[in-house]
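Enquirer: Okay, here's the structure, questions in a sec.
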Amino acid sequence: MIETKKTICPLDCPDACSIVTTLEDGRISNIVGDPEHPFTQGFLCKKVRTYHDRAQSHERVLFPQKRVGKKGDGKFERISWDEAWTLLVERLSSIKSEYGGEALLPYSYAGNMGKVNFHAGDPFFNTYGASQLKRTICSTAAKAGWTLHYGANPGCPPEKARDADLIVAWGINIKVTNIHFMPFVVSARRAGAKFVVIDPYRNVTAEAADDHYKIRPGGDTALALGILKILLEREKLDNEFIEQYSQGFDSLKAYVESIDLETLIVKSGLESARVRELAELFAKYPKSFIRIGIGLTRNTQGAMSVRAITCLSAALGLFDGRKGGGALLSSNAFPTNSQILSFSSMIGNPTRTINMVKLGQALTDTEPPVKALFVYSSNPLSVAPDSGRVRRGLQREDLFTIVHEQFYTPTTRYADLLLPATTSFENEDIYMGYGHFQMGRIEPVIEPRGEAISNFDLFQTLARKMGFSDAAFRQTASERISTYLPAISGLPEKHRAEGIKVGDIITSDLFDVGGDFSSFDGDKFRFSVDSGDLEVPAIPCLLPNKEFDDIEITKQFPFAMITPPNSELLNSTFGERYPDKTGVVLIHPDDAAALGIKDGDRSKISNGRGSNIRLAKVSDKTQQGLLVAEGIYWANDASNHSGINDLTSQEITDLGEGGTFHESRVKISKELAVAEVPRT
Ligand SMILES: Nc1nc2c(c(=O)[nH]1)N[C@H]1C(S)=C(S)[C@@H](COP(=O)(O)OP(=O)(O)OC[C@H]3O[C@@H](n4cnc5c(=O)[nH]c(N)nc54)[C@H](O)[C@@H]3O)O[C@H]1N2
Ligand SMILES: Nc1nc2c(c(=O)[nH]1)N[C@H]1C(S)=C(S)[C@@H](COP(=O)(O)OP(=O)(O)OC[C@H]3O[C@@H](n4cnc5c(=O)[nH]c(N)nc54)[C@H](O)[C@@H]3O)O[C@H]1N2
Ligand SMILES: [Mo]
């Protein structure tokens, strides 16, 4: 029998695509992008086109297993779910009575963006009294910087870009990480719009654009303020918006007037003429749409960069609801009450919080120590920074590590107990995209594979077996969705009353007002803010980056390195498709010549934290002094299993406590073949 069913892509991506699956005798034979969905528009990205093969693969973790080899060996023995529950209840109970609840650390992120499964563990860990995980690895810096000035209002709908005369991709690799935005760029360009990219390297989006501004990494605040200064002097800012819908502009104006334009230009890393050219574009095209990425926030002044760009957008008047104009970071189309989603009311005595970016430290140098780590929807050994420290932590004999997974990832090699997780094709959930204004619901498309269970079923069952009595632990996934709906703003009244059905494509009520201060109930854009924290400057301003601008570190490690995603992987998901791939590192031809590195050379990148091997790609896509290592391929160096995050730092962003994956200092050398290594 052949039938079709709709589902939604669960991956952590702004697009949250609606998918049509074709089923033949209970097996998914094909998936395509939903032609009815206004953002998906009938196509899927390269990596997800075969996502059903991943779900139906024989390589999945299909039953519970316990470790039999050494930690790191990845050797397991199959056990029954009964045994697994008994082991879990015994170990978690004894850890709690011996060391207290805080000895348990949950670790989860965005393998599955469904609200039910993302938050599935929260009520369990709250009741247990576990350490609270700060889930800040991704977008909290961006959000903090943006919200400081813009407030919690909905962002500009991406559809507006269709009518723009100028589209700017600022720190976002749209063709890779937000590909469904591209059709709007294509139609705008057909109507004559210009499309430009501001990025430290010529990524695939920049290659497809009209122009590329090769900014210095971390140079965004300087660039945004530089443009602001030029336009201020030329009286090209939108005074009407500034007067009517904002406050605090005078402080920013005074600051910008006080700095020398040359200083800003030098710090942006662009030539003076290029900065003036960009300013000229903004002056010429009032219908400018700026798509701001999260990528530019992954450094120690990353939130500041967003603050500066957001203020520039406002000074240009892009938040006045004009046709074709706007700036979009995150749509915030369905603001949710996170207390309800996380069942925060179940937290008894407040417990310590641990930042997920600092997992390495948490496992190796925290008192009282973490005694049990419960990983689900994440692959921390690959994605968390400073992996060497994470690995040392996972090797601890006294640490009990539980991993709930779909695949045998680098992290699962260190599991004491490995539990099989379903994929979204087997689940019930609700999804909303952060790059558009739609949400929807899914139900299982196929039966659960093997003995896999969803995050939701895992924690509901475990809670009951632990004797937790709250009624929330007896809810079905459907009932959980009903609990969540009232916590979602922007949900149209009809669905609030009647619920959501599979296949409904629900557009937020906030779509029409997104990005428009004239409709935000008198809330004004704040150029100057009082955050209540003396460490947080009231206005965007120039401050040094911790690692990039450290003179001593730079002497030892002369290269800056950024580690952005590519189109093959979704963070570390799909790593199993490339078991032997090291990935490449882009190096500028002048640097390569100076170091004797040739295209294709196996090269060792290293710093004080660790090292990683990649193949050199000598290219002027990057700039002098900058290495670009795309993609979190799985461990590639067989001798010590290192990955790219062996080089990145646990340092956090200026606001929001986010990861600083695009701010490492490193050195690089050609890796000599054994025969070439000089004898000492
Ligand atoms: N194919 C694919 N898609 C993805 C992902 C993936 O791994 N693969 N990841 C998903 C996730 S979880 C997220 S959060 C989003 C992230 O998606 P984006 O918001 O696009 O963020 P990044 O990809 O980290 O970086 C985007 C660009 O920022 C540039 N950049 C780095 N530092 C700076 C800087 O200082 N200034 C400027 N101007 N640019 C800088 C990088 O070179 C890169 O080209 O993408 C999602 N989509
Ligand atoms: N160097 C570098 N590191 C980065 C980044 C970077 O740009 N550069 N980006 C960072 C960012 S933005 C993010 S968001 C993080 C992402 O970090 P993670 O959220 O850990 O993302 P993934 O690597 O996609 O790993 C998700 C894992 O969850 C599993 N999974 C999927 N669905 C489910 C489920 O329903 N249940 C369970 N139990 N498991 C499931 C998948 O098989 C996969 O192994 O990585 C960060 N790390
Ligand atoms: Mo992310």
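The values are calculated or read from the model by the stated rules, or taken from the named source; none is laboratory data. Because the structure is a prediction, the values reported are computed rather than measured. Glycine also receives a Cβ, built like all others from the backbone with ideal geometry; neighbour counts cover every protein chain displayed. Note: accessible area is taken over every heavy atom of the protein model, side chains too, but ligands, DNA and RNA are not part of it. Shrake-Rupley method; radii C 1.70, N 1.55, O 1.52, S 1.80 Å.
Enquirer: Take ASN112 and decide whether it is within 17 Å of ILE453 (Cβ to Cβ), in a helix (DSSP H, G or I) and within 24 Å of the chain's Cα centre (by Cα).
Expert: On the way: within 17 Å of ILE453 (Cβ to Cβ): yes; in a helix (DSSP H, G or I): no; within 24 Å of the chain's Cα centre (by Cα): yes.
The answer is no for ASN112.
Enquirer: Restricting to the range 248-270, name every residue that is open to solvent by 60 Å² or more (accessible area, probe 1.4 Å) and within 31 Å of the chain's Cα centre (by Cα). Please lay out each step first, then the result.
Expert: Of all residues in the range 248-270, those open to solvent by 60 Å² or more (accessible area, probe 1.4 Å) come to 250, 253, 257-258, 260, 262, 266-267.
Listed by number, the residues that qualify are VAL266, LYS267.
Enquirer: TRP170: under 20 Å from ILE309 (Cα atoms), open to solvent by 10 Å² or more (accessible area, probe 1.4 Å) and within 16 Å of ligand 1 (Cβ to nearest atom), yes or no? Give the derivation first.
Expert: Values: under 20 Å from ILE309 (Cα atoms): yes; open to solvent by 10 Å² or more (accessible area, probe 1.4 Å): no; within 16 Å of ligand 1 (Cβ to nearest atom): yes.
So TRP170 does not fit the description; no.
Enquirer: Out of everything in the range 44-71 that is under 30 Å from LYS175 (Cα atoms) and open to solvent by 30 Å² or more (accessible area, probe 1.4 Å), what residue ends up being nearest to the chain's Cα centre (by Cα)? Let's see the steps before the verdict.
Expert: Going through the range 44-71, the residues under 30 Å from LYS175 (Cα atoms) turn out to be 44-57, 59-60.
Adding the requirement that they be open to solvent by 30 Å² or more (accessible area, probe 1.4 Å) leaves 46, 49-50, 53, 59.
Working: LYS46: 19, ARG49: 21, THR50: 22, ASP53: 24, GLU59: 26 Å.
Looking at residues that are under 30 Å from LYS175 (Cα atoms) and open to solvent by 30 Å² or more (accessible area, probe 1.4 Å), I get LYS46.
Enquirer: Go through the range 192-223 and count every residue that is touching a strand residue (DSSP E or B) at 6+ places or on another chain (Cβ under 8 Å), β-branched (Val, Ile, Thr) and farther than 9 Å from ALA169 by Cβ.
Expert: Result for the range 192-223: 1.
Enquirer: Next question, about the same structure. Given the conditions (1) at pLDDT 95 or above; (2) under 27 Å from ARG298 (Cα atoms); (3) crowded, with 24+ Cβ neighbours inside 10 Å, which single one is not true for GLY433?
Expert: Unmet condition: (1).
Enquirer: Name the residues in the range 15-26 that are of a type outside the set (Val, Ile, Thr) and surrounded by fewer than 24 Cβ atoms within 10 Å (Cβ to Cβ), would you? Don't jump to the end; show me each part of the working.
Expert: First pass over the range 15-26, keeping only residues of a type outside the set (Val, Ile, Thr): 15-18, 23-26.
Listed by number, the residues that qualify are LEU23, GLU24, ASP25, GLY26.
Enquirer: Pairs please, first residue from the range 551-565 and within 16 Å of ligand 1 (Cβ to nearest atom), second anywhere and in a helix (DSSP H, G or I) and of a type in the set (Asp, Glu), Cβ atoms under 9 Å, 6+ apart in sequence or on different chains.
Expert: Here the result reads PHE559/ASP591, each pair linking the range 551-565 to a residue that is in a helix (DSSP H, G or I) and of a type in the set (Asp, Glu).
Enquirer: Shifting gears a bit: Can you pull out the residues in the range 386-411 that are assigned to a helix (DSSP H, G or I) and surrounded by fewer than 23 Cβ atoms within 10 Å (Cβ to Cβ)? Full working, then the answer.
Expert: To start, the set of residues in the range 386-411 that are assigned to a helix (DSSP H, G or I) comprises 387-394.
The answer is GLY388, ARG389, ARG392.
Enquirer: Now for a different question. Please note which strands (runs of 3 or more DSSP E) are completely contained in the range 144-236 and include at least 2 residues that are in contact with a Lys or Arg (Cβ under 9 Å, 6 or more places away or on another chain) and more than 18 Å from PHE319 (Cα to Cα).
Expert: Details: elements: 166-170, 194-198, 211-213.
Counting at least 2 such residues, we get 194-198, 211-213.
Enquirer: Additional query: Does ALA141 satisfy the condition of being in contact with a helix residue (DSSP H, G or I) (Cβ under 8 Å, 6 or more places away or on another chain), farther than 25 Å from PHE43 by Cβ, surrounded by 24 or more Cβ atoms within 10 Å (Cβ to Cβ) and aliphatic (A, V, I, L, M)? I'd like the intermediate steps shown before the answer.
Expert: Numbers: in contact with a helix residue (DSSP H, G or I) (Cβ under 8 Å, 6 or more places away or on another chain): yes; farther than 25 Å from PHE43 by Cβ: yes; surrounded by 24 or more Cβ atoms within 10 Å (Cβ to Cβ): yes; aliphatic (A, V, I, L, M): yes.
Yes; evaluated as a whole, the condition is true for this residue.
Enquirer: From the list LEU133, LEU105, pick out the single residue that is more than 30 Å from LEU312 (Cβ to Cβ), touching a residue at least 24 places away in the same chain (Cβ under 8 Å), touching a helix residue (DSSP H, G or I) at 6+ places or on another chain (Cβ under 8 Å) and within 16 Å of ligand 3 (Cβ to nearest atom). Walk me through it before giving the result.
Expert: Numbers: LEU105 fails: within 16 Å of ligand 3 (Cβ to nearest atom).
Just one listed residue meets the conditions, LEU133.
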